Every structure is written in structure tokens, then in C-alpha cells.
Amino acid sequence: MLFRWIKNYLPRGLYGRAALILILPVLLLQLLVSVVFIQRHFDGVTRLMTSAVNIELRFLIDTVNNAADLQQAQAELARLDAPLEIQTELPALPGQEDIKPWIDLTGQMVITSIRNGVANVIAVSLADRRRVLMWIDTSHGVLEMEFSRRRVSASNPHQLLVIMVVMGALMTAIAYLFLRNQLRPIKRMAVAATEYGKGRTVPFNPTGAVEVRAAGMAFLDMRNRLERQSQSRTLMLSGVSHDLRTPLTRLRLGLSMLDDQDVEPLLHDVDDMQRLVSAFLDFARSDAGDSLEPTTPQDLVRDVLQDAARMGQAASAGVIEGPEDAVGLRPLAIRRALENLLSNALRYGEKAEVGVSVTERAVRFYVEDDGPGIPPEQRDDAINPFVRLDPARNQDQGSGVGLGLSIVSDIARTHGGVLRLGDSEKLGGLKAELVLAR
């Protein structure tokens, strides 16, 4: 439970975690040295220096106590003040309590050492950081003594702390610069992988340490293999489509010489075969073809609706919202995806609606219909290639091999997006959302 609570407050970025790994040990080391070494060292030095001064203080106190009267005691103090560098006043008003500044590394040790080494101490004041003021009860009244703080404390004990903090911060900054240079290739590789997931191939040159460079080379090899595989699939199915269209054309010409009553079913089969070949070719080209271009999503929707109107399809415009700014898209691929969704919607329903919503982070196209829809438990399977959901959709309304939604899903993935299937609240059928990352 404690580890989970701490984990919620840790940095999530690579730079933040690297800085924490770098700075935390330095801070802990400085704190340990400050508490264990510096404090003990200055306490010992202060104790020895105060013990030496206590000898002089006791000598002055004994001189006062041994004097016959107050005048003799004052005379002896006046004679000894200059050699001992201690200012005295007899009699004097006594202090009420010990005074020590809140931030004083050696103040408490000075007061403790004086009280342990000198008898009859009334109060010790360290209010003036440069002077020590103390009051002693003697046989001739209260004796006030004042001397320099440097005689009982090491000069500027905080200098070592300041030097440690400044040098620690400087070396940490230098180390962070070197560390950032080592982390920068990892960040560039992550950006290249993210962009490739969105269908954008950006230049990437592996740099950095040997292990980071090896990971970058592995990413480039993987990207090249995926591109070669995609090109091979496209070329293979394109060749198959080209080879099949020639005999299909000859077959259609031969059937045209037969009687219309006998040839109609056969021509229907030939048309189905041509549609199947076109579907295979579209599936092969779903992740290839046009490149990213500045495109206005609203214009794409309007073009698809205009084509549907010319074909006499019952398609209408839905909600079209968001700024009409150009977005980096593959216009031909997106148009093919919308046409596939619209074709499916009108195949299994009587009317459809197409809309788009543009935000700062995503572009969301949607197509709704009034058909039977797809049950929630079968929506993941409906996106897989070559899957036909007989119980869910009316297969008598058209033919296919189950590639329509799979093509749309591949187009969404090449844009770093996703295809989501849900229920249409407006028309009551299926709602297909094509969500693309900007």
C-alpha cells in the first residue's frame, strides 16, 4: 500500500525519473554528511575552544571573589580586561534567560560548555552572533562578561554547507546534461515509433550508447521488414487481381453471346467475382497508397455525401463540428474507409448518416444506420478479416468476404487511431466511429 502511494507521486517521464535517480543520492549524501560529520566535527571543536576560554573566565571570577571589597575587584578586572580580551562590568543587571538564535550550528554547545565549566552562571546570551554575553553571580554582585564569539566557535561553520550545496548543484547540473544526451536518442526513437504507428515515416538515425544504438537499429530493421511485407502483400494481391480480371473479361464476353434468360445468373456470378477481387485489392492497399496531406475533414465528408447523392443513396449529413483546419491525413484512404462504412450501412439498413467532429487532439468520423446492428459480444470479431456475422446482418442484401470493416480498421491504425462499433441512439442501428489521432 505504501509503495503504491509513493508510486503515484513519482515522475512518469524518462527525464523526470532519471533526474530523480541522479539528484536523490546527492541530496541524501549531503544530508548524511551534514548531520553526522559536520555537526559532530563543529561540536567537538566548539567544546575544545570553549574549555580554553572557561579557564580565563574562572580566573576572573576567582579574582573577583578573592578581592577584599568591590573597589579592589573592579581594579583587578580593569587590569585584566585588556590582556584577556574580555570586557567586564561589576556590578551589572543580570540577564533573565539563555538566548540562542534559532539557526545556530554551535550555539547550544557553547552555552552547555560554559555552564558545565563555570559555576554560578545566571544566563548566557548569543543574540549578537559576533559576541558572547554572560552573567555570573559573585561575592561582590553580578559580574557581566563579554567577549568575541570567534574565541568559542569556529569561524563561519556554515561555509562548508554552502560549498557542498553549490558544488552539488553544479555537478548535478553537469551530470544531467550528460544524462540528457544519453536519453535523447531513446526519446527520438519513441517519437519515430509513435509516428510510424500513425502511418508517418520520419527520419531516424540511431545514436547514443551502444545499447541504445542497437535498439535503434533493431527498430529500423523492424520498420523495414514491415514495409517490405506490406509491399509484398500489395504486389501479390495486385498481381492476382490483374491476372483474374482478364479471364473474367473473356468470360463476360462469352456470356454476352448467350440468351439473356440463361446468361443473367452467370453474369451475376461474374459481377460477384469482380467485387471479391476488388475487395481483396482494397484490403491489400489499406495501409499503402497515398501519403499524408493537409486535408480538411469536413470537406471529405461533404465529398462522400455528394457522391452518395449522385448514386441515389439515402445518405444524409449528421453533426459536422469543429474548426475547419487542415489536418495531416491520407485523403484517398479516409475516403475509401468512409465509403466502405456507408456502403455497409446502406446494405443492411435503409438510410444512413455521416458526420465528423474535429478537436485539438483527434478527428472523429462516424456513420450511423437504421439496420439490425451488431451485438456487443460480436463487435470485436466483426473487425477481423474474412469474418461474416450471419445472425447479426442480413447477408441476402449483398455479397462480400468480410473485409469492409477490416479495411477501415487498418486505415484507422495507419493514422494512429481506432475503429469503434456501438449502438446508434439516433437511428437505432449500428454506429461506426473512425477516431484518428492528430
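For the reader, a short list of remarks on this structure follows.
- Farthest toward positive dipole pole in the chain [+1 Lys/Arg, -1 Asp/Glu at C-beta], among Phe59, Gly328, Gly197: Phe59
- Within the accessible surface of the chain, defined with a 1.4 Å probe on protein heavy atoms only, the carbon and sulfur portion equals 58 percent.
- Degrees, to the nearest 10: 331-348 long Cα axis against longest axis of the chain: 60
- Annotation: amide H-H contacts under 5 Å for Lys100 (H modelled 1.01 Å from N, sequence separation of 5 or more, or interchain): Leu126.
- Estimated FRET transfer efficiency (Arg228, Leu253; beta-carbon r; R0 51 Å; 0.05): 0.85
- Gap separating the Cα centres of segment 81-131 and segment 16-74, nearest whole Å: 13
- Packing-based ranking, highest mean first, of 243-250, 63-70, 411-418 given that Cβ atoms within 10 Å are counted: 411-418, 63-70, 243-250
- Per-peptide average of other Cβ atoms within 10 Å, ordering 182-191, 324-333 highest first: 324-333, 182-191
- Accessible surface area normalised per residue over the chain is 58 Å², counting heavy atoms of protein chains with a 1.4 Å rolling probe.
- Against the chain, whose longest principal axis is taken from its Cα atoms, helix 297-310 shows a tilt of about 10°.
- Legend: calculated FRET efficiency, Asn384 to Lys7, from the Cβ-Cβ distance at R0 = 56 Å, rounded to 0.05, equals 0.95.
- Set of aspartates and glutamates near Lys187 by C-alpha distance (under 13 Å), chain-local residues within fewer than 8 positions excluded: Glu195
- Given in Å, the Rg to one decimal and the Dmax to the nearest whole number for the Cα atoms of segment 1-100 are 27.3, 80.
- Within the chain, helix-based [θ] at 222 nm, where runs of 4 or more DSSP H residues each add -39,500 (n - 2.57), nearest 500: -18500 deg cm²/dmol
- Structural descriptor for the chain: relative contact order 11 percent, calculated from alpha carbon pairs under 8 angstrom and at least 6 residues apart.
- Calculated P(r) tail over 36 Å for the chain, as whole % of Cα pairs: 60
- Proximal lysines to Lys351, defined as alpha-carbon separation beneath 22 angstrom and excluding residues fewer than eight positions away on the same chain: Lys426, Lys431
The values are calculated or read from the model by the stated rules, or taken from the named source; none is laboratory data. This structure is a prediction, so every number in the text was calculated from the model and none was measured. Don't worry about glycine lacking a Cβ; one is built from the backbone with ideal geometry, like all the others, and counts go over all protein chains shown. Just so you know, the surface numbers come from the protein's heavy atoms only, side chains and all, with ligands and any DNA or RNA stripped out. Shrake-Rupley method; radii C 1.70, N 1.55, O 1.52, S 1.80 Å.
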